[in-house]
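Report on the following structure.
The values are calculated or read from the model by the stated rules, or taken from the named source; none is laboratory data. Keep in mind it's a predicted model, so treat the numbers as computed, not measured. Glycine also receives a Cβ, built like all others from the backbone with ideal geometry; neighbour counts cover every protein chain displayed.
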Amino acid sequence: MAQENRTEKATPYRRKKLREEGNVAKSPELASSITVFLSSLVLFFVGGYLFYEVVKFLWFVANNPSITPYLALGYVSESFPRLILPLFLTAILTVVLSHVGQFGFIFTLKPLQFKWDRLNPFEGIKRIFSLTTAFELTKNLLKVSLFMVVSYFLIKGDIEYLLKAPSEDTTSFVIFLLKLVFKVVLVLSLFAIFIALFDYGYKRWDYERRIRMSKEEVKEEYKQHEGNPQIKGAIKRRMRQLARGRMMQEVPKASVVITNPTHIAIALRYDPEEGDKAPKVLAKGKGLIAEKIVQIANENNVPIIRKEELARAMYPAVEVGEEIPPKFYKAVAEIIAFVMFRKRKVAV
């Protein structure tokens with residue numbers, strides 16, 4: 001379907017499915033630039049000691065011409081791992097955390113699966129002339145240009161010293177060169193982080209654009225995962241009918257029905273022998289349902305009391321199967337007392 005027809009935001013289900021496939025918004029440059037920056041800082045603190053160990057190893061080899069490759073390898077394997085370990089751990093943790101920070105933790109092998117569309121030349125041509133490719137090309141050109149300009153201004157003041165380097169002390173020159181390289185790498189990595197943040201913002205925007213859905217797709221997905229609205233409506237209607245049927249079966253057990261007079265009907269039961277601590281709502285309804293409740297009450301000799309204000313006040317405040325709120329105790333108690341008195345009088 002044409003991209004211009006995809007005007008709706010991706011649904012939570014579509015987002016979840018894409019996430020399970022490893023299809024998320026991410027910027028690999030953000031991880032690499034932060035890794036370079038933090039690794040440079042670590043190297044700044046351990047670089048001197050690492051340089052000392054390298055010089056020490058070279059001196060050891062130079063003063064031991066008969067040293068075998070096995071002994072040299074043993075020396076390296078004993079000294080250098082503990083020096084490289086901080087740098088290695090920093091790089092690994094930075095890569096992992098920078099990716100987790102972008103899209104959370106995901107473990108899936110689906111991106112590694114073979115896909116035939118990757119061999120489709122037309123898809124390849126389409127990607128070459130896509131908006132993403134144009135953005136990447138522009139970004140890389142700007143990045144290279146910016147790095148060249150920044151590098152020039154960083155080493156501009158040291159060019160004269162570099163030209164005099166052959167006549168300088170070797171150790172001093174090496175230390176100076178290492179400091180200069182560290183300064184250039186650190187500053188360029190900071191610029192790279194800012195560029196990567198911009199790149200991540202674009203990737204997020206482009207990702208949201210690519211996963212948009214058409215209105216037809218949203219409706220179809222809703223039908224598949226939420227159910228057909230017509231079927232769901234029919235089920236709800238059937239459930240209401242069944243609930244009403246069960247409710248009507250409870251009306252003959254009521255102690256009294258309060259009406260308004262036929263617009264509202266509320267069937268109440270109060271039987272301490274059944275464990276009722278307060279009057280309980282057995283049924284309630286409006287219109288035709290109220291008329292049905294009154295009809296069943298008449299057929300089963302359930303007293304019907306017309307109390308318009310009480311019926312209107314109770315209807316929104318009570319639920320079927322629950323006891324009435326305490327604020328209606330007094331009014332309902334008077335009605336039930338009157339009904340019981342009338343029953344005793346008729347019995348006599």
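Numbers at a glance
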| item | result |
| --- | --- |
| Failed condition for G287, given (1) buried (at least 20 other Cβ atoms within 10 Å of the Cβ); (2) more than 14 Å from F328 (Cβ to Cβ) | (1) |
| Sole residue being aliphatic (A, V, I, L, M), modelled with pLDDT under 75 and over 41 Å from the mean Cα position of the chain (by Cα), chosen from A2, A72 | A72 |
| Matching residues in segment 292-312 - criterion: being within 51 Å of the chain's Cα centre (by Cα) and exposed (fewer than 15 other Cβ atoms within 10 Å of the Cβ) | E309, R312 |
| Qualifying residues in segment 244-284 (those that are free of Cβ contacts under 8 Å to residues at least 12 places away in the same chain and in a helix (DSSP H, G or I)) - the one nearest to K330 (Cα to Cα) | P272 |
| Whichever residue in segment 5-21 is assigned to a loop (DSSP other than H, G, I, E, B) and surrounded by fewer than 16 Cβ atoms within 10 Å (Cβ to Cβ) and, among such residues, is modelled with the highest pLDDT | K9 |
| Extreme residue, surrounded by the fewest Cβ atoms within 10 Å (Cβ to Cβ), among residues of segment 313-329 that are free of Cβ contacts under 8 Å to residues at least 24 places away in the same chain and closer than 23 Å to Q249 by Cα | P316 |
| Breaking point among (1) of a type in the set (K, R); (2) without any contact (Cβ under 8 Å) to a residue 12 or more places away in the chain; (3) outside any helix (DSSP H, G or I), for K26 | (2) |
